[in-house]
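The next block holds one structure in the form of structure tokens; read it before the comments.
The values are calculated or read from the model by the stated rules, or taken from the named source; none is laboratory data. These figures come from a predicted structure and were not determined experimentally. Cβ sites come from the backbone with ideal geometry, for glycine too, and all protein chains shown count toward neighbours. Accessible surface areas use protein heavy atoms only, side chains included; no ligands, DNA or RNA. Shrake-Rupley method; radii C 1.70, N 1.55, O 1.52, S 1.80 Å.
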Amino acid sequence: MFVHILSFLFSLQCLLRHTSAHHLCSLQACTATDPTVMPSGQPAGDMSTHPTLQVTPQSGLADGLLDIRATGLCPGQPVTIQAEVRTECQRFVFQSSAVFKADSQGEVAVARQPSLGGTYEGIEPMGLIWSCKPVPAVAHLYPRVKKTDSRVPLRYTLRLVSHESPGQEELASVVMERRYLADHVERHEFTEGKAHGVFFLPKQRGSSDPLPVVIELRGMGNGILEDRASLLASHGYAVFALDFLKSIVVGDKRDTYYFDSQAILDVFEYISQHARLDERRVGMFGFCTGSTLVIHCAARLNLPIRCLVFTSLLEAFSCVLGMKLPDGRLIHPIGTLQDFAEVYEKDGYRWFRTYPLEEVPLDLEADNVINDCIAPVENISVPVLLLVSGDDQYATSKNRMRLVRERMIAAGKGHLVQSHLMEGMGHLVDAPYMPIVTQSSLKFPMEPKPSFTTWGGTTKPYAHSIEKSWHLMLDYFKEHLKPTELYR
């Protein structure tokens, strides 16, 4: 009987507090012109008896951690915190949720309390951000949150929801921004000879001038994604995000295309002529097809680079895209996309997955092309960081990166190679804390319609590996390019 009385009193206490909170929130809306003062003249700090939701920083760079917390709850009260974000085109909504139990002070601190259910479980300070998934109404379209314009932040709405009211009443909400372009970084459209892309440059002259430089090439099919390049610039680097598809030469044969490697030389020429850029401190980052181009350029063009970072490596020029060398010689693709991909129907869409090079039914020796397609990595004489995706289901990048390491070791250059296995990470490597996507569409420039593919990965390990790989890359560039002013 005593237990029932206690339970009744606890429910009555929470009801009174929630009723008071609802009333106070209405009063606060009426005094929006001065949020620090209540109608009675009492300061807002006296409103600690009603639920609130805070995010710090409310507007900050997207590779920074968040402090998300709720206060003014009943001790032990179960609540849900929800997050919602729209894709850059505003067409698709992604949501996440996590269930918490308030501590003895009536507070929830996401960074130190476990989620008991929702889109993730356990203690995950950024779980509400990376576990956002497309809402059921659009999930069948397999959308992806990506950043093609770093000037526009992603805006997240976070809501604190009660479990105790029948309609799961919203107790509090807050809107926060994840910014990809720091205030101290300029963004410029870039064209120099054959090279095209976006150039990020810290505005102020400082102790790092002339600045260390990173040249980034990402994958095929999405144009320029600016999330990583713009954030990297906020750490004290000048960064070129190159759109290699604008440096393509059409071949004589149908469906054959070649990246004009003169574009890379043109970037280096621009760097050498720019007063604020240090041509002696240049690193390169490659992802997917971009990694193929970077590794071939580094091995064949005698570039003045300090270090290389690769992930999701497609080591061979296998299909569709070849390479034109500065002397006019062509490295031909081995075959067409159809030769290297299994195409199938699912959910009314065209899906594909790529075959490993070893499984393709082509007479590679007779065609005498395999030696050209494998980059002569033995020529590379600078430090190389390999970030290996442990669950890449789009391509056999793990095998390709192992081959690079083995061949450099055989050439007596094993001391130059660092390799880190990123457990649970799929093919895609976006900026840290971006909502994890394991399947989405991909538009090849030579195909009339987009196709869909599985990138691989498991959400929580994927998110952890993306975060880890980001910091490994930052540390690596810091070690070899030596920025002396980080601006942050």
Residues other than ASP391 with Cβ under 11 Å of its Cβ, Lys/Arg counted +1 and Asp/Glu -1, net out at -1
Of the convex hull drawn through the C-alpha atoms of segment 367-488, the volume per residue in Å³ is 157
Among trypsin sites (Lys or Arg not before Pro) in segment 256-343, those in a DSSP loop whose Cβ has at most 14 other Cβ atoms within 10 Å are ARG276, ARG329
The pairs in LYS346/LYS468; LYS194/LYS468; LYS133/LYS203; LYS147/LYS449; LYS147/LYS253; LYS147/LYS246 lying past 30 Å Cα-Cα in this model are LYS346/LYS468; LYS194/LYS468; LYS133/LYS203; LYS147/LYS253
Of every hundred units of 1.4 Å-probe accessible area on segment 81-193, the number belonging to carbon and sulfur atoms, as a percent, is 48
Computed on Cα atoms only, the convex hull of segment 224-363 has an orientation-averaged projected area in nm² of 10.7
In debye to the nearest 20, the charge dipole size for segment 427-488, taken about the Cα centre with +1 at each Lys and Arg Cβ and -1 at each Asp and Glu Cβ, equals 100
Rounded to the nearest whole number, the Stokes-Einstein translational diffusion coefficient of segment 112-224 at 25 °C and 0.890 mPa s (Kirkwood radius, C-alpha pairs) in µm²/s is 132
At q = 0.11, 0.13 Å⁻¹, the log10 of I(q)/I(0) for segment 166-287 from a Debye sum over equal Cα scatterers comes to -0.45, -0.57
